[in-house]
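The structure appears right after this line, and notes come after that.
Just so you know, all these numbers are worked out from the coordinates, no wet-lab data involved. This one's a predicted model, so the numbers in the text were calculated from it and none came from an experiment. Please note: Cβ atoms are built from the backbone with ideal geometry, for glycine as well, and neighbour counts cover all protein chains shown.
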Amino acid sequence: MEWSRFLECLTADADRFREVSAKDLDAPVPSCPGWSVADLVRHVAVVYLHKVECLRQGRAPEPWPPDESATAEPFALFDRAWPALRAELVARPPESAAYTWYEPDQTTRFWLRRMAQETVIHRIDAELALRTGIQPVPDDLAVDGIDEVLAVFLGYQSKTWCEDFGPDLAEADDRPVLVSAGGAGWLVRATPSGVSVEAGIGSGPVAADAAVRGEPGAMLRWLWKRGDGGVTVDGDEQLVGRLRRLLVTATQ
């Protein structure tokens, strides 16, 4: 996706997130057990502020989070964080150097992509909490999000911190799962040393022990455990269950 398109999606979802969340800060968030909407708003605000400091300081900010983040009025915090994040992003070229936790990409572009994907998922959380109806995720953003969660979260983290994934990774046997959405496909193989993700598979026949298929928006929600609707599973369901558990570890 182009830089301008990421920024467009991020802005639309941040605005929608605030609009929906304002309906009831006390509502529970079913997709984030134990959280209220107020907790969700504070979380998003603190994530934004963290990225502002990563960009400004060129390193992970320490100590973190700020002391006031746990007690600040949620929208006061959000209304400070979101304009600050947007200003930092638009002031920098996409390929300008920036600290990130993902070693292969140390650029500002990484954070714009990450915040666009972070925000659309939490926008859905707010919509689930307030039962407002979930706005569709644009196909281009959803396909990019599928690629990010598989390659960046699951692939990179499982190889970098494989011990965090426990027996689900230690007992993995390299059998492939095909994830297919919007004409794009990813072949996912887990071994004790990490998960490999082969992108660019296309929509043709692929040999795999299991397959998960759906439209891009539905697939993105399925991968992030924000709903199962619109996704079909074929083949070894236990293998697919392992994939979902690995994803939970990668994204928690």
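A few points about this structure:
- When you count the other C-beta atoms within 10 angstrom of each residue and take the mean per peptide, 165-178, 108-121 line up highest first as 108-121, 165-178.
- Cβ-based net charge around Ala72, under 11 Å, with every Lys or Arg adding one and every Asp or Glu removing one: -2
- The packing ranking, built from the mean of other Cβ atoms within 10 Å per residue, places the peptides 215-225, 95-105 in the order 215-225, 95-105, highest first.
- Debye log10 I(q)/I(0) at q = 0.09, 0.12, 0.14, 0.21 Å⁻¹ for region 139-251, Cα point scatterers: -0.19, -0.35, -0.48, -1.14
- Counting only Cα atoms, region 3-130 measures 40, 33, 23 Å along its principal axes, largest extent leading.
- Extension gain, Arg245 back to Glu73 (0.36 nm per residue minus Cα-Cα distance, nm): 58.5 nm
- Each residue of region 64-78 was assigned a 3J(HN,Hα) from its phi angle through the Karplus expression (A = 6.51, B = -1.76, C = 1.60, θ = phi - 60°), giving 8, x, x, 4, 7, 5, 7, 10, 5, 4, x, 6, 4, 5, 5 Hz with x at Gly and Pro.
- Comparing mean-square fluctuations of Ala12, Ala184, Ala87 from a GNM of the chain with C-alpha springs under 10 Å, the top value falls on Ala87.
- Phi to ³J(HN,Hα) by Karplus 6.51 cos²θ - 1.76 cosθ + 1.60 over region 239-247, Hz, x for Gly, Pro: 5, 5, x, 5, 4, 5, 5, 4, 5
- Gain on full extension, evaluated as 0.36 nm per residue between Trp101 and Ile201 minus their Cα-Cα distance, stands at 33.3 nm.
- Gaussian network model of the chain, Cα within-10 Å springs - most flexible of Ile134, Ile146, Ile124: Ile134
- Reciprocal mean inverse distance between Cα atoms of the chain - Kirkwood radius, Å: 18.9 Å
- Here region 143-195 and region 29-48 have alpha carbon centers that stand 26 Å from each other.
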